[in-house]
Structure formats: C-alpha cells, structure tokens
Amino acid sequence: MLIMKKRNVENISKSELLSDLISSLGKGGFLKTPKVKQIFLAVDRSKYVLPQHEDLAFDDRPLPIGYHVTISAPHMHATALEYLKDHLKPGSKCLDVGSGSGIVCSYFMRMLEFSGMVVGIEHIEELTMRSYESIVADLHSVLEKKTFEVTALINEADPVIDDFKKKSLTPGQLLLVTGDGRKGFPQLGPFNCIHVGAAIGLEHTILLDQLANNGRMMAPVTGEFGHQEIIIFDKDAKGKVSQQKVLDVRYVPLTSKQKQLRGY
Ligand code: SAH
C-alpha cells in the first residue's frame with residue numbers, strides 16, 4: 001500500500017524546500033547553469049501561487065491560479081531559462097506572452113540584472129493585477145533601491161506606452177499589460193527574446209515578426225492531432241528563421257478570453 005505522507009511544511013523552512021527543489025531539478029537535468037540556479041534560489045514561488053496552495057509551492061508541479069489556467073511547473077520554467085539564457089542579457093528587451101502568475105517576468109528581470117525591458121502580456125485583468133502584486137512582494141527590496149520599475153496597465157492601448165518607447169532601460173522596466181497576447185506587443189518590439197506560456201499554432205507568425213534579428217523565441221506549439229511540443233525559433237542576423245523541437249508538453253492554449261473563461 002502506498003502511503004502518501006503530507007509534508008509538514010510548518011517544520012521545514014521555505015529555503016530548505018526550495019533547495020530540495022533545486023537539487024532535484026539539477027539531478028533531473030533541468031537546471032544546469034550557475035546563474036539560472038542562483039536566480040531560481042532567489043525567487044520565492046509561494047508568492048506567485050494562490051494562498052491555499054502555498055504549502056505546495058516548492059513541489060515540481062503546475063498549480064491552479066484561477067480562470068482555468070495554471071502557473072507552470074518549476075521544471076518548465078527552468079527549461080525556459082536554460083534555453084533562453086543567452087538572449088536574456090542586461091539591456092535586452094523580452095516579451096512574455098500569457099504571463100499568468102508573473103513568475104516568468106520576475107525570472108527574466110533577474111536574468112537581465114534589472115537593466116533592460118520585460119513586457120508581460122496577459123488577457124485576464126485580474127491575473128495582471130495579481131501578478132503585479134506578487135512581483136512587488138517578491139522584489140520589494142530591489143524596487144526600494146530603484147534599480148528597476150514595475151508598471152501594470154489594464155489596457156494595451158494605454159497612451160502611457162509611448163513613454164516606454166523613450167525610456168532608458170537602466171533602471172530596468174517591467175511592464176505588465178492586460179491585452180491579447182496573440183497579437184504580441186508590436187508597440188514595444190522588436191524583442192531579443194520571446195517566451196510564450198500558452199500553446200500556439202504554427203500559423204502564429206505574428207509573434208515571430210516581433211522577434212529581433214539574432215533573437216530567440218520559445219513556444220509550445222500544437223500540431224496535428226493536438227500533439228504539443230516546445231519549439232525554439234532562432235532568427236539569424238539576416239532575419240532568417242530556423243526551428244528545433246525540444247520536448248513534448250501539455251499547455252493550455254493561447255486563446256480568446258471568452259473561450260478560456262468558459263473552460264475552452
Ligand atoms: N508562464 C505562466 C503561464 C500561465 S498559463 C505562469 O507560469 O504563470 C498561460 C497564461 O496565458 C494564462 O494566464 C492565460 O490567461 C494566458 N492567456 C491565454 N490566452 C491568452 C491571450 N490570448 N492573450 C494573453 N494571455 C493569454
């Protein structure tokens with residue numbers, strides 16, 4: 001008989017749970033690079049999950065965040081950072097499509113060492129606002145030092161976006177926008193790096209159009225028969241795109257708000 005032992009999280013500190021998670025992600029081959037490991041150690045995932053799931057925050061599994069979607073499992077975030085790390089450099093501009101909990105934006109801003117721009121686009125306004133609060137709670141000590149700024153917009157057509165075009169990228173800018181990520185965010189593109197957190201079809205070339213030359217996009221792509229795989233798209237210096245499949249996955253779709261709210 002299999003006896004499930006519920007961990008008594010009260011008696012184990014968050015940092016112990018996090019270091020256990022990191023060592024198992026390391027053993028599993030998901031976390032490899034010292035900088036990525038360090039960033040994983042710095043982010044408190046319990047700030048990005050619903051309060052009722054805090055005791056599961058350091059398990060390697062996706063967790064519901066409401067609105068029929070989940071925060072992805074830590075091994076998927078680790079995989080994304082490892083594949084994108086060379087494109088997440090200080091001064092880079094990055095787009096996170098379907099930013100959900102906001103945790104990927106936090107990882108990205110840290111990879112950029114708080115210099116550059118991260119734009120998260122999410123179509124559920126409540127998630128955008130919650131992700132803003134999570135990021136502020138997670139990164140309050142950095143925000144106090146004014147090494148980066150975080151702004152949440154409830155409208156992708158907000159005129160304030162024009163100011164972001166002119167802003168210096170030091171201090172870094174993290175912008176959370178409520179809008180339809182299927183269109184990307186051409187207002188602030190092109191981006192050196194694009195991460196898509198929900199499954200797209202290969203017809204979504206609109207996102208690739210917003211990728212800068214020498215940039216990389218990572219996206220779960222749904223192919224024939226509903227099969228999904230993560231594809232890495234690389235754009236070379238002349239704008240030519242090549243792609244490689246890296247692993248099979250199961251993601252929620254990048255869809256309309258209406259379909260998502262009624263459960264697809
Ligand atoms: N990387 C996020 C993934 C969240 S799941 C995390 O780990 O927290 C995918 C997210 O994509 C959901 O938050 C969902 O609301 C969002 N989404 C789906 N379709 C979208 C669209 N058309 N535009 C913007 N966001 C979308």
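The values are calculated or read from the model by the stated rules, or taken from the named source; none is laboratory data. Note that the coordinates shown come from a computational prediction; the quantities given were computed from them, not determined experimentally. Every residue, glycine as well, gets a Cβ built from its backbone with ideal geometry; the counts of neighbours run over all protein chains shown. Calculation scope for accessible area: heavy atoms of the full protein, side chains included, ligands and nucleic acids excluded. Shrake-Rupley method; radii C 1.70, N 1.55, O 1.52, S 1.80 Å.
Under the condition of being farther than 25 Å from residue 264 by Cα, over 13 Å from the mean Cα position of the chain (by Cα) and open to solvent by 30 Å² or more (accessible area, probe 1.4 Å), the residues counted in the stretch 34-82 number 13. How about the stretch 86-104: which of its residues are touching a Lys or Arg at 6+ places or on another chain (Cβ under 7 Å) and more than 12 Å from the ligand (Cβ to nearest atom)? Selection gives 87 alone. All conditions but one from (1) farther than 18 Å from residue 249 by Cβ; (2) acidic (Asp, Glu); (3) modelled with pLDDT of 95 or more apply to residue 55; the one that does not is (3).
Taken over the stretch 167-214, the criterion of being among the β-branched types (Val, Ile, Thr) and within 21 Å of residue 90 (Cα to Cα) is satisfied by 170, 194, 196.
Annotation note: of 200, 194, 206, the sole residue that is open to solvent by 10 Å² or more (accessible area, probe 1.4 Å) and under 25 Å from residue 128 (Cα atoms) is 206. When the stretch 224-260 is limited to residues that are open to solvent by less than 40 Å² (accessible area, probe 1.4 Å) and among the small types (Gly, Ala, Ser), the one that is nearest to residue 183 (Cα to Cα) turns out to be 256. Annotation: residue 263 fulfils all but one of (1) on the phi > 0 side of the Ramachandran plot; (2) surrounded by 13 or more Cβ atoms within 10 Å (Cβ to Cβ); the unmet one is (2).
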